[in-house]
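Participant: Provided herewith is a single structure, encoded as structure tokens, for subsequent inquiry.
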Amino acid sequence: MMWQLAGRLWRETDKRLLWKLAWNLGVKGVLSVERHKRRLKRGEVFPPFLYVSVINSCNLRCQGCWVDVSAKMEAMTPDAFHRLVREARQMGNVFFGIVGGEPFMHPRLFDLLEPHPDCYFQIFTNGQFITEEVARRLRRLGNVTPLISVEGTEIVSDERRGRPNVFNRTMQGLRACLRNKVFTGVCTSLARSNFDDLLNERWIDRLIDLGVMYTWFHVYRPMGPDPRPDLCLTPEQQVEARRFVVEMRAKKPIIIIDAYYDGEGQALCPAATGISHHINPWGDIEPCPIVQFSKESIHSGPQDGRSLREKFVGSEFLRDFRRLAAQTTRGCIVLERPDLLAALVEKHQARDSTVRGTAFQELQALTPRTSQYHPGREIPEKNRFYRWAKRLWFHDFGVYRGADHSRESAPALMVHSVG
Ligand code: SF4
């Protein structure tokens, strides 16, 4: 199976882009995680994988979106982005997830990316602005992979995304990338409305036939001003999704990404482990995209000459968030214990980093629910390559050591950590 995948990569992707992928993301990405591990030994956290929302605006209106897409457009300036990348490069980072809103609505997106040929960018996009010309530019850049979101069949897509003809327009963008031999992925936020349509071998085979090289099944999270909990997967569906991913990794010549399990199938939170944090279009540093609270900004204030490293490493809010998240659950603290997160936000007087200004009330209104953590139902990787790679570079880095995740311990923990 891995040979088949290698054959597909060789035949279907531009060789220069493959080289960039292997060198920038493969070799240098691994080295950035090794530096992260060494920093952790010194008690320092600077995430090797930063996710940067470069714009808040979007042309779609997805159900349950937590981004202020209708607010006045805020697009990160090239100067701010370049400074951010430069400072992160000094820490050994090479990978940047580019998020939105819709990143291709950023009027100067290519000006952000072009000066950084030594990095690797993954753009999370609905694909609708990827014309033939845009795809050609992506190919010329070589160090950018679009991750195009498909949220269901024609009918479900339109409903999930709040606009007509979404599926077909997204597929046009996808095909433009593939015609240009760009290394391209498709992601799906699994919800009850698309679970049966997309979590199956037929869909994986269709992606392979199209020339898609990787896929990523997120799990829908009920956040924002209209959280739509009716779309959330049941715990059984969550376990089924994990099982499907593990099976397909061992069977199909397509890369399948996930960010929530180590090689033994143990759940983890990438924000708790410190491997990734998020920066919003206004420059606020947040633990992850759905935790819209911040104490630090990438933009230096008048008396603030601190480096990006000092902001990350010195942030008490981020440190307490990671500690509380790790002590509470191997899953997602936001979903399982929004009350603890709200207490943490209050304790630190963290700023609501949304435009709507209601993130705290939204957090308080959340009903606790299960997340990716299903103790006793761990499903280890079957594909030896994933298992090996995750053992080395994607695991919990020891942050859960000594934590008691039994439900009874949580209230005491709240007093201990937050009170
Ligand atoms: S806090 Fe929840 S949503 Fe954020 S990275 Fe962790 S598991 Fe994911």
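FYI, it's all coordinate maths here, none of it is from the lab. Given the structure is predicted, the values throughout are model-derived calculations rather than measurements. Cβ: placed from backbone, ideal geometry, glycine included. Neighbour counts: every protein chain shown.
Participant: Using 0.36 nm times the number of residues separating residue 389 and residue 6, minus their current alpha carbon distance, what extension gain do you get?
Facilitator: Result: 136.3 nm gained on full extension.
Participant: On a straight-distance basis, which lysines could pair with residue 181 in a cross-link, Cα separation under 22 angstrom, same-chain partners fewer than 8 positions away excluded?
Facilitator: 15, 20, 252
Participant: Subtracting the Cα-Cα distance from 0.36 nm times the residue separation, let me have the gained length for residue 165 to residue 118 in nm, one decimal.
Facilitator: Here the segment from residue 165 to residue 118 would lengthen by 13.2 nm.
Participant: OK, next. Which whole-number percent gives the relative contact order of the stretch 256-347, counting Cα pairs below 8 Å spaced six or more residues apart?
Facilitator: Dividing the mean separation by the residue count of the stretch 256-347 yields 24 percent.
Participant: Suppose R0 equals 30 Å. What FRET efficiency, 1/(1 + (r/R0)^6) with r the Cβ-Cβ distance, do residue 316 and residue 70 give to the nearest 0.05?
Facilitator: Details: r = 33 Å, r/R0 = 1.10.
My answer for the efficiency is 0.35.
Participant: With the contact rule set at Cα under 8 Å and sequence spacing of 6 or more, what percent relative contact order holds for the chain?
Facilitator: Value for the chain: 17 percent.
Participant: Based on Cβ point charges of +1 for Lys and Arg and -1 for Asp and Glu, what charge dipole magnitude is obtained for the chain about its Cα centre, in debye rounded to the nearest 20?
Facilitator: Rounded to the nearest 20 debye, it is 1460 debye.
Participant: Within straight cross-link reach of residue 295, meaning Cα distance under 15 Å, which aspartates and glutamates are found once same-chain residues fewer than 8 apart are removed?
Facilitator: Straight-distance partners of residue 295: 284, 286, 304, 310, 316, 320, 346, 352.
Participant: Follow-up question, since we're still on this one. For the chain, rounded, prolate or oblate, judged on the Cα gyration tensor with a ≥ b ≥ c (square roots of eigenvalues), a/c < 1.5 rounded, else prolate if a/b > b/c?
Facilitator: Note, shape of the chain comes out rounded.
Participant: Mark the label point 7 Å from the Cα of residue 14 along Cα→Cβ and return the residues of the stretch 128-143 whose backbone N is within less than 16 Å of it.
Facilitator: Of the residues in the stretch 128-143, 130-143 have backbone N under 16 Å from the label point off residue 14.
Participant: Please tell me the relative contact order of the stretch 31-185 in percent, rounded to the nearest whole number, where contacts are Cα pairs under 8 Å and at least six residues apart.
Facilitator: After rounding, I find 22 percent.
Participant: Going by average Cβ density within 10 Å per residue, which order do the peptides 173-179, 132-138 take, highest to lowest?
Facilitator: So the peptides 173-179, 132-138, ranked by packing, come out 173-179, 132-138.
Participant: Now for a separate question. DSSP beta bridges in the chain, what fraction antiparallel, as a percent rounded to 5?
Facilitator: The antiparallel fraction comes to roughly 20 percent.
Participant: Can you give the net charge of the other residues whose Cβ lies under 15 Å from the Cβ of residue 52, counting K and R as +1 and D and E as -1?
Facilitator: -3
Participant: Residue 264 to residue 132: extension gain in nm, 0.36 nm per residue of separation minus the Cα-Cα distance?
Facilitator: Numbers: separation 132, 0.36 × 132 = 47.52 nm, distance 4.15 nm.
That pair, residue 264 and residue 132, stretches by 43.4 nm at full extension.
Participant: Another question about this same structure. Straight-line reach from residue 37: which aspartates and glutamates fall under 16 Å, measuring Cα to Cα and dropping same-chain residues less than 8 apart?
Facilitator: 262, 396
Participant: The stretch 224-273 to the stretch 91-132: how many Å between their Cα centroids?
Facilitator: 24 Å
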